[in-house]
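The values are calculated or read from the model by the stated rules, or taken from the named source; none is laboratory data. The model shown is predicted, which means the values in this text are computed figures rather than measured ones. As a convention, Cβ positions derive from the backbone with ideal geometry for all residues, glycine included, and neighbour counts pool all protein chains shown.
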Amino acid sequence: MTEEISIANDPQHVQELIEITERKIIEASIPGEIADDVSIALLEAVNNAIIHGNQRNFNKNVTVRMTIADSKIELVVSDEGTGFDPSQLEDPSQPENIFRPSGRGLFFIRQLMDEVEINSTNTGSEIVMRKYWFRHEA
């Protein structure tokens, strides 16, 4: 099952997007702890796309593509920003960065998901997140 949802670059639409995604996760019978990790990672990725990628520009969009197959969920969150170099991000676990007001979203996403890829160009960025689980057959 693949579903694509596009929202205006407005934080007011984030909750609706999360609710739609969570319904699809429940319908797919994804285990609870996996669903929780996916929901938190998705929230972080969408907020990053709105704030950092699209620079809060209401004329831009954020797109989420979700694919659920077998024992894997893949989420791709895309923005229409100017791109960034992920290797230039500060490590939020280092003492000098502990009290910085931002910079933890991608760190959390990497902790919660099994695979994370970032593709960034001067016309936008996308983060590909995958989570796997073992499905018991009856």
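Given the structure, is ARG65 among the basic types (Lys, Arg) and assigned to a loop (DSSP other than H, G, I, E, B)?
For ARG65, the condition - among the basic types (Lys, Arg) and assigned to a loop (DSSP other than H, G, I, E, B) - is not met.
Do we have any residue at all in the stretch 81-102 that's more than 23 Å from ALA8 (Cα to Cα), of a type in the set (Lys, Arg) and touching a Lys or Arg at 6+ places or on another chain (Cβ under 9 Å)?
No, the stretch 81-102 contains no residue that is more than 23 Å from ALA8 (Cα to Cα), of a type in the set (Lys, Arg) and touching a Lys or Arg at 6+ places or on another chain (Cβ under 9 Å).
Condition check: among the aliphatic types (A, V, I, L, M), in contact (Cβ under 8 Å) with a residue 24 or more places away in the chain, in contact with a Lys or Arg (Cβ under 7 Å, 6 or more places away or on another chain) and not in a helix (DSSP H, G or I). Does ILE73 satisfy that?
yes
For every residue, the table says whether it meets (1) among the aliphatic types (A, V, I, L, M); (2) modelled with pLDDT of 95 or more; (3) part of a helix (DSSP H, G or I).
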position: ARG23; (1), (2), (3): no, no, yes
position: LEU42; (1), (2), (3): yes, yes, yes
position: HIS52; (1), (2), (3): no, no, yes
position: ASN57; (1), (2), (3): no, yes, no
position: GLU80; (1), (2), (3): no, yes, no
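Of everything in the stretch 25-40 that's of a type in the set (Gly, Ala, Ser) and part of a helix (DSSP H, G or I), which residue is farthest from GLN111 (Cα to Cα)?
GLY32
Which members of the stretch 89-119 meet the condition of being touching a residue at least 60 places away in the same chain (Cβ under 8 Å) and not aromatic (Phe, Trp, Tyr)?
Hits for the stretch 89-119 are GLY105, LEU106, ILE109, LEU112, MET113.
From (1) touching a residue at least 60 places away in the same chain (Cβ under 8 Å); (2) over 16 Å from LEU17 (Cα atoms); (3) surrounded by fewer than 19 Cβ atoms within 10 Å (Cβ to Cβ); (4) of a type in the set (Val, Ile, Thr), pick out the condition that doesn't hold for ILE40.
In the conditions (1) touching a residue at least 60 places away in the same chain (Cβ under 8 Å); (2) over 16 Å from LEU17 (Cα atoms); (3) surrounded by fewer than 19 Cβ atoms within 10 Å (Cβ to Cβ); (4) of a type in the set (Val, Ile, Thr), ILE40 misses (2) alone.
Output the residues belonging to the stretch 60-88 that are over 18 Å from THR123 (Cα atoms), surrounded by 15 or more Cβ atoms within 10 Å (Cβ to Cβ) and among the aliphatic types (A, V, I, L, M).
MET66, ILE68, ILE73, LEU75, listed by residue number.
Tell me yes or no: at least one residue of the stretch 49-57 is polar (S, T, N, Q), crowded, with 16+ Cβ neighbours inside 10 Å and touching a strand residue (DSSP E or B) at 6+ places or on another chain (Cβ under 6 Å).
No, the stretch 49-57 contains no residue that is polar (S, T, N, Q), crowded, with 16+ Cβ neighbours inside 10 Å and touching a strand residue (DSSP E or B) at 6+ places or on another chain (Cβ under 6 Å).
With (1) under 19 Å from ARG110 (Cβ atoms); (2) touching a residue at least 12 places away in the same chain (Cβ under 8 Å) as the list, and ILE50 as the residue in question, which single condition is left unmet?
(1)
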